[in-house]
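Here's the structure, in structure tokens; my notes come after.
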Amino acid sequence: MSPSAALRVLVVDDERPALDELAYLLGRDPRIGEIHTSQSATDGLRILQEHEIDALFLDIQMPGLSGLELAQVLARFRTPPPIVFVTAHEGHAVDAFDLRAVDYVLKPVRADRLAEAVRRVVEGGERPASEQDLQVPVERAGVTRFLNRSEISHVEAHGDYARLHTAAGAHLVRTPLSTLEEEWAEAGFVRIHRSLLVSLAHIREVRMDAGRCTVLLTGPDDVELAVSRRHTRELRNLLLGRASGAEGP
């Protein structure tokens, strides 16, 4: 949406104090305009059908229809509003990720954290769905946060887990490398070794030495990764294809 347009939001939480607090914090944000509130997901669905809503701030665990179930219903809409889950429970981050949530905010909600969620809603709405940066839930020290996939330079296999590497550090996720290879192929992640995926966007240089291929990644640490013989030709062809496409009309 246009950066100058105030967001029309719906807040759904079955606990009145939490609902009022979240509505109050959103009301202080200049990017927020009209605020609708509801104490049940069922009533929230009615509001969504009767009003134009730009974003939904949604609790997860509620009596009757849960927040996740409401999100599943909205996923069938032609143009569902972006969803920010606001919850006291960390264990649903993966479910939120599967439902393409914009953000996952833990209670008690801090004003600065909520402002970040609003920023993600606004920026996500300005780009076509095909260009939106996927938010990947990661956990560290009991805290769940969302990592932009574009920040990930490479992914390393760890059995049934995968380690996501960024310039700021590494995060272990409970997803096999083969699954990420399939799901992230369109985003430019390619296999260079049986245990490694690399983002083409983060490759700064390809080096050949006595038939041995390595890639140097962007970032402060000059990470260099070996490419297996099996994947060397495929990688070079992909990079050459990207280069020729960039130079074309």
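In what order, largest first, do Y24, Y161 sit by accessible area if the probe radius is 1.4 Å?
Numbers: Y24 130, Y161 85 Å².
Ranking Y24, Y161 by accessible area, largest first, yields Y24, Y161.
Ellipticity at 222 nm from helices only: DSSP H runs of n ≥ 4 in the chain, each -39500 (n - 2.57), divided by the residue count, give -9500 deg cm²/dmol. In terms of the Cα gyration tensor, with a ≥ b ≥ c the square roots of its eigenvalues, is the stretch 7-129 rounded because a/c is under 1.5, prolate because a/b exceeds b/c, or oblate? The shape class here is rounded. Neighbours of L164, meaning other residues whose beta-carbon lies under 10 angstrom from its beta-carbon, give a summed charge of 0 when Lys and Arg score +1 and Asp and Glu score -1. Sequence-ordered 3J(HN,Hα) estimates for the stretch 8-19 from the Karplus curve with 6.51, -1.76 and 1.60 and θ = phi - 60° stand at 9, 10, 10, 10, 10, 7, 6, 9, 4, x, 5, 4 Hz, glycine and proline given as x. Could you work out which residue, out of D59, D112, D209, moves most in a Gaussian network model of the chain, that is, has the largest mean-square fluctuation with Cα springs under 10 Å? It is D209. Out of V223, V138, V12, any idea which swings most in a Gaussian network model of the chain, alpha carbons joined below 10 Å? Taking springs between Cα atoms under 10 Å, the residue moving most is V223.
Rounding to the nearest 20 debye, state how big the charge dipole of the chain is about its Cα centre with +1 on each Lys and Arg Cβ and -1 on each Asp and Glu Cβ. Don't skip to the end; give the middle numbers.
Numbers: 29 positive and 38 negative charges, 179 e Å.
It comes to approximately 860 debye.
Note on the chain: GNM, Cα springs under 10 Å; of F146, F85, F77, the largest mean-square fluctuation is that of F77. Where both bridge residues fall in the stretch 1-63, DSSP classifies roughly 0% of the beta bridges as antiparallel. DSSP bridge analysis restricted to the chain gives an antiparallel fraction near 65%, rounded to the nearest 5. What do you get for the angle between helix 229-247 and the principal long axis of the chain? Use alpha-carbon atoms, 0 to 90 degrees, nearest ten. The two axes meet at around 70 degrees. Where [x] 19.3; [y] 20.0; [z] 25.6 are the candidate values, the label of the one calculated here for Kirkwood radius over Cα pairs in Å is [y].
Seen from V9, the other residues with C-beta closer than 9 Å to its C-beta sum to a net charge of -1, counting Lys and Arg as +1 and Asp and Glu as -1.
Taking Cβ atoms as reference points and 13 Å as the exclusive limit, the residues near P176 contribute a net charge of -1, counting Lys and Arg as +1 and Asp and Glu as -1.
The values are calculated or read from the model by the stated rules, or taken from the named source; none is laboratory data. Just so you know, these numbers come straight off a predicted model, no measurement behind them. Using ideal geometry, Cβ is built from the backbone for each residue, glycine included, and neighbour counts are taken over all protein chains shown. Heavy atoms of the whole protein, side chains included, go into the accessibility calculation; ligands, DNA and RNA do not. Shrake-Rupley method; radii C 1.70, N 1.55, O 1.52, S 1.80 Å.
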